[in-house]
Every structure is written in structure tokens, then in C-alpha cells.
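Visitor: Mind looking over this structure? Questions follow.
The values are calculated or read from the model by the stated rules, or taken from the named source; none is laboratory data. Note that the coordinates shown come from a computational prediction; the quantities given were computed from them, not determined experimentally. Here the Cβ is made from the backbone with ideal geometry for all residues, glycine too, and neighbour counts use every protein chain on show. In case anyone asks, the SASA skips ligands and DNA or RNA and just uses the protein heavy atoms, side chains included. Shrake-Rupley method; radii C 1.70, N 1.55, O 1.52, S 1.80 Å.
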Amino acid sequence: MRRLLAAVLMASITLLALSRAGAILPVFAEPLPEETRKLLEQSLSVVELDRNIARISALKIQTQAEIEQSEQRLAEQEIAIAVQKEKAGRVLRSYYMGYKDFWLSSLLSANSLPELIRVWDMMDMIVQSDHKTMDDYKVGYKKIKKGYDQLQHDKDELTAVGQELVAQRDRMSDLQKQLDAGVAASSDQEMLLRLMDELQVYWNNVGLYEVKQHFRALANAMTHLPEYIKKTPGIVQTSGLKAKLTISDEQLNEFLRSEDSRFDNFSFTFDNDLLTMEGKNSDIQVKIQGRYTVEDKPENAIRFHVDTLIFNGLTLPDTTRADLEREFDLGFYPQKLIKYVKAQSVEMNGGKLIVQLKIG
């Protein structure tokens, strides 16, 4: 709650400061010249790439720390496993050097039942101890092997993260050069730089927060979609071991608006295998386009992938879309609707989302 209040307060202070300064907030009442729009888009992409680089850098530091901890832990486990290995070796040597023959002869040479029982109990105790020693070694060996496998996975991940970091830095450098060249060629550099600064301040303090709030609201609503489907006749039709889910964009709009009033000014449409969400709240104009795909891992689901994200007429980069996908789950899980059912295909056309399901 404190973070939310702080974010709202910061947004209010920023808006007030910009308004008092007579600044033009980056909600453009008139269409911008194409070249200006492109440069503003590039400046916003630079901001988002920089944020993504910070995220990847933090991930790299975290992965490196995990690797160092794993190496320390495995070094300690190696000492313990060496002790267990020596014990297991002694057990195996005792078997191959005839100690079991010694116990067999002791059993056969027992002169009374109590002596026989005593020898048997001692032999049983030693055998159980031997089994425990071997089992401890096997468990320890499997644990340390699993640890080394995880360590190798972490190292591979660190390498991939490092490569992604280099790629993103190169990408940002290239984009910054294009942006600098575009500003240098502008007939009104001062105005353009002022617009860029205002846009970046607005995005960092208001825009990103609002976009995330919309995605959070969508994610929260999607958790209640199975309940809406269950109580709405005609959405699910079954035939034998097959079922079909059909939901219209009118129904989706009705559902989402009943979940959150921020969607009262937004419309959702299904067409050309795309879900398009478009609308405006106050000074925020957002357009999101994406597609659903059927995926089986880690569980059967219909996952939503953001293809296009436009904020106040400016297209945001793929890194922002990927970041939002990671943070907010807009997917649909058929087994929350019907147990033992799996999605087989999904399509969006003519104002309808159609999901083919298989039971069993």
C-alpha cells in the first residue's frame, strides 16, 4: 500500500510540475509529423532498453552469486562424500576378502540356539550398517551429481545472460546513434529535445505505472474467467470426448468491465487471430495487440503473447512487451474450467475466440 501511495504521489507531483511549467504533456492532441513521432519513439525505446539492461545486469549479478554459493556448497559436499566413499569401499572390500564366509562359518559352528541367535543378530546388525553406509553413499553421490548438473545449468544461463547483455548494449548504442543523427538533422532541436525529456519523465513516472496497472487488472480478471464461463450458458459445448469453447468479444467486454471499471473506456475485439485492446483513460491512450497459443509446458495452457504495445501513439520496443509478459500472466488454463481437459487449438476470428478442447 505504501508503494502504491508513493507511486501515485510521485505521478501527481510530476504532472503538477509539468503543468505549472507550461509543458506540453506527451498526449498529443494533433498528429505529430512522422519524423518527430519516429524520433520520440526511438527516445522512448532508448529509455526502455536502458531499463532492460539494468534488469539483465541485476540478473547476471544474481546468477554469479548463485554459482559462487553452489561451488562453495559442492566443495563442502565433496569432503563429506569422500568420507562416505571410503566407508563404502571398506564395506565392499570386506565382502570380497571373505568376511561373509567368516560369518557363514560362525553360523554353522554355533553349538546352541542362543549362540546361533547371538551370531545372527551381530551379523544382521553389521549387514544393516553396511547397507546404510552404501545407501548414504548413493544418496550423497546423487545429490552432488545433481548439484553439479545445476551448477552447469547456472553457468550456461550466466553465459546466455552475458551474451544478451552485450547484444542489448550494442542495440542501445546503435539506436542512440540513430537518435542523435535524427536530432542533429531536426530544424528545431530545442523543441525536439524538450519533447523527448518530457516524454521520458512522463513515461518513467506515469506511463509505465499506468500500463502495468492495466496489465495487472487484466491478469487479475483472467483468474476469474473460468467462473464466468461456467455460469454463462452456451460458451462451452461438449460432444463425446471433445468440447468447444466459444466466447464473443461482446461477452469478453462485459466480463472485463464487470471485473474492473478501468475497462469501461476500453474495447476488446477478436479478429485475424489477434486480440486487440484499445482505449483511453484520462491522458493515457493504450493499444495492445496479441495472440494466443496452446502450450503444454509446464502445463497445458492458452498463453497470451503481446505482439504490439502502443502508448499515446508511440510503439514500445519488444523488450517492454517481453517484460510485461514475464510479470503478468494473461493466459487461460482449461483445467481450471473442466478437470482432465486439454486445449488442442485456438483461433480468433469474426469477433469470436474459439478453443478446441479434448477430454481425457
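Visitor: Between Ala219 and Gln64, what is 0.36 nm times their sequence separation minus the Cα-Cα distance? Round to one decimal in nm. Present the calculation step by step, with values, prior to reporting the outcome.
Guide: Numbers: separation 155, 0.36 × 155 = 55.80 nm, distance 3.19 nm.
Roughly 52.6 nm would be gained on extension.
Visitor: Sticking with this one: Between Lys38 and Glu78, how many nm apart are label points set 7 Å from Cα along the C-beta direction?
Guide: 5.7 nm
Visitor: While we're here: Put a dot 7 Å past each Cα toward the Cβ at Lys297 and Arg169; how far apart are the dots in nm?
Guide: Placing both labels 7 Å along Cα→Cβ, they lie 3.1 nm apart.
Visitor: Just to confirm, what accessible area per residue do you get for region 244-306 at 1.4 Å probe, in whole Å²?
Guide: 49 Å²
Visitor: Per the 1.4 Å probe, what fraction of the accessible area of region 190-288, in percent, lies on carbon and sulfur atoms?
Guide: Carbon plus sulfur share of accessible area: 45 percent.
Visitor: Also: Send over a whole-number figure in Å² for the accessible area per residue of region 158-197, probe 1.4 Å.
Guide: I get 63 Å² per residue for this part.
Visitor: Quick one: 3J(HN,Hα) in Hz for region 156-173, Karplus 6.51/-1.76/1.60 with θ = phi - 60°, rounded, Gly and Pro as x.
Guide: 5, 5, 4, 4, 5, 5, x, 5, 5, 5, 4, 4, 5, 5, 4, 4, 5, 4
Visitor: Can you tell me the Rg and Dmax of region 237-313, counting just the alpha carbons, in angstroms?
Guide: Computed over the Cα atoms of region 237-313, radius of gyration and Dmax are 15.0, 51 Å.
Visitor: In whole Å, what three semi-axes, largest first, describe the equivalent ellipsoid of region 161-246 built from its Cα gyration tensor (square root of 5 times each eigenvalue)?
Guide: 47, 20, 13
Visitor: Anything over 29 Å Cα to Cα? Flag those among Lys231/Lys352; Lys212/Lys336; Lys145/Lys339; Lys155/Lys297; Lys38/Lys287, in the order listed.
Guide: Table pairs above 29 Å Cα-Cα are Lys145/Lys339.
Visitor: Between Glu157 and Asp283, what length in nm is gained on full extension when 0.36 nm per residue of separation is reduced by their alpha carbon distance?
Guide: 41.3 nm
Visitor: How much length is gained if the chain between Ser248 and Tyr340 is pulled fully straight, taking 0.36 nm per residue apart and subtracting their Cα-Cα distance, in nm to one decimal?
Guide: 30.7 nm is the gain from fully extending Ser248 to Tyr340.
Visitor: Something else: Each residue of region 205-212 in order: what ³J(HN,Hα) in whole Hz does its phi give by Karplus 6.51 cos²θ - 1.76 cosθ + 1.60, θ = phi - 60°, with x for Gly and Pro?
Guide: Result, rounded to whole Hz: 9, 10, x, 4, 4, 5, 4, 5.
Visitor: Along each principal axis of its Cα atoms, how long is region 247-360 end to end? Whole angstroms, biggest number first, please.
Guide: Here the spans come out as 49, 30, 25 Å, largest first.
Visitor: Which value, in Å³ per residue, describes the convex hull spanned by the Cα atoms of region 175-313?
Guide: Considering the Cα atoms of region 175-313, their hull volume per residue is 160 Å³.
Visitor: Taking 8 Å as the Cα distance limit and 6 or more residues as the minimum spacing, I'd like the relative contact order of region 240-334 as a percentage.
Guide: Relative contact order comes out at 17 percent.
Visitor: Cα to Cα, under 17 Å, and not fewer than 8 places away if on the same chain: which lysines meet these conditions relative to Lys142?
Guide: Candidates past the 8-residue exclusion: Lys85, Lys87, Lys132.
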